[in-house]
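Engineer: I have a structure I would like to understand better, so I am pasting it below and will then ask my questions one at a time.
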Amino acid sequence: MRSSLPDFPWDALAPFGEKARAHPGGIIDLSVGTPVDPTPEFVQAALCSASNSPSYPVTAGTPELRAAITSWAKSRLGASGDFDVLPVIGSKELVAWLPTLLESKKVLIPEIAYPTYHVGALLAQAQSIPVPISAKSWPQADLAWINSPSNPTGRVHSVEEIKECIAWSRVNDAVLVSDECYLEFDHNATSTSVMALTEGNNKNIVAVHSLSKRSSMAGYRAAFMVGDSSLIAKIRELRKHAGMMVSLPVQKAMTVALGNDAHVAEQRARYNARRDALRPALEACGFRIEYSNAGLYIWCTRDEDAWTSVEWLAQRGILATPGSFYGEKGKNYIRIAMTASDVAIHEAIKRLKA
């Protein structure tokens, strides 16, 4: 490879996890962001009912799943014009391999970003270039990632910011991929999909969505793409050769999950209630909350090195993620996940108050 892969960031957090586990009350893990709330029972039932699955699944997805994604994209994302859909094995897997599938040579990633954007560029032997949110200063590239609501910051892009990114794609004839995995978890801001702003011209535009957090299905590895029909057709043909088919039971579970909004509203309320409860306790300890308008995380700082904040919390049995995992500009921040039970969140608040 042109560049060696970075060390897996979570390995560096392990010693602080051990310190947090040594707390008399045990560890409260607010770091990784893995869902803990149960997968809805109707989703589990769909998976179980399709468990007799001796045949190979279809790469493009079952007709029922394709129809469910298409309908959801129109009603929830505001997608219009000609577009296609494609189920994929988890959004992380897609992020890691999309630059390789598209043979990208230069990939733009947000300055503060999910680390797999950078890793995906390296796997493709492409140049990885961090850029600000405003696309007005972006250089030419083959592929650009945007992420709204953002992981880790919870920042929501404005309509004008997304339109700037679309304009950059048009001028450079480059692929723009919008990672919208947290779109359904607004708090005090309103998220907009890139698909709502293309005016029906979806050339080189793709939105990526996941059911991991939306439906507590992280263990299912269930995600999908929506966008440019010709681009998705190219990716689909490559995957026919390479495999990476979504299993039929998971496709059945995805279909029913996308047809139900009530469980998403319940999960959004859980995450937002946890954020509202934890925020004042952090502020009372000197943390300043920035953004955190949507998604699953609180992004905060005490204007000190991130590892100092991580150490301070670990002494209280609370594990958080250093913002340096997400880029140089995050080095004085920490990310705190709402993916812990209500009981654990309230125990964390008690420890902070103490």
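The values are calculated or read from the model by the stated rules, or taken from the named source; none is laboratory data. As the structure is a prediction and not an experimental result, all values here were calculated from the model. When we count neighbours, we look across all protein chains shown, and the Cβ atoms used for this are built from the backbone with ideal geometry, even at glycine.
Engineer: Of the residues E64, E103, only one is surrounded by fewer than 18 Cβ atoms within 10 Å (Cβ to Cβ), modelled with pLDDT of 95 or more and within 18 Å of S169 (Cβ to Cβ); which? Steps first, answer last, please.
Structural biologist: On the way: E64 fails: within 18 Å of S169 (Cβ to Cβ).
Result of the check over E64, E103: E103.
Engineer: Continuing with the same structure: Within segment 129-144, track down each residue that is surrounded by 19 or more Cβ atoms within 10 Å (Cβ to Cβ) and in contact (Cβ under 8 Å) with a residue 40 or more places away in the chain.
Structural biologist: D142, L143
Engineer: Test P149 against the stated conditions and say whether it is out of contact with any helix residue (DSSP H, G or I) (no Cβ under 7 Å at 6 or more places or on another chain), touching a residue at least 40 places away in the same chain (Cβ under 8 Å) and either buried (at least 20 other Cβ atoms within 10 Å of the Cβ) or not in a loop (DSSP other than H, G, I, E, B) (or both). Quick ask: steps written out before the conclusion?
Structural biologist: Numbers: out of contact with any helix residue (DSSP H, G or I) (no Cβ under 7 Å at 6 or more places or on another chain): yes; touching a residue at least 40 places away in the same chain (Cβ under 8 Å): yes; either buried (at least 20 other Cβ atoms within 10 Å of the Cβ) or not in a loop (DSSP other than H, G, I, E, B) (or both): yes.
Here the answer is yes, as P149 does meet what is asked.
Engineer: Of the residues I289, I334, which single one is in contact with a strand residue (DSSP E or B) (Cβ under 9 Å, 6 or more places away or on another chain) and buried (at least 20 other Cβ atoms within 10 Å of the Cβ)?
Structural biologist: I334
Engineer: So in segment 203-236, with the set limited to residues that are in a strand (DSSP E or B) and in contact with a Phe, Trp or Tyr (Cβ under 7 Å, 6 or more places away or on another chain), which one is nearest to L86 (Cα to Cα)?
Structural biologist: Taking the candidates together, the pick is V226.
Engineer: Report the residue count in segment 324-338 for those that are in contact with a helix residue (DSSP H, G or I) (Cβ under 8 Å, 6 or more places away or on another chain), assigned to a loop (DSSP other than H, G, I, E, B) and in contact (Cβ under 8 Å) with a residue 40 or more places away in the chain.
Structural biologist: Residues in segment 324-338 being in contact with a helix residue (DSSP H, G or I) (Cβ under 8 Å, 6 or more places away or on another chain), assigned to a loop (DSSP other than H, G, I, E, B) and in contact (Cβ under 8 Å) with a residue 40 or more places away in the chain: 1 in total.
Engineer: Separate question: Tell me which of these R316 doesn't satisfy, since it passes every other one: (1) assigned to a helix (DSSP H, G or I); (2) more than 17 Å from the chain's Cα centre (by Cα).
Structural biologist: Answer for R316: the failing condition is (1).
Engineer: Given the options G154, G200, name the one that is assigned to a loop (DSSP other than H, G, I, E, B), modelled with pLDDT of 95 or more, assigned by TED's automatic domain parsing to the domain that holds K74 and closer than 23 Å to G81 by Cα. Before the answer, list the steps.
Structural biologist: Values: G154 fails: closer than 23 Å to G81 by Cα.
Within the list G154, G200, the selection yields G200.
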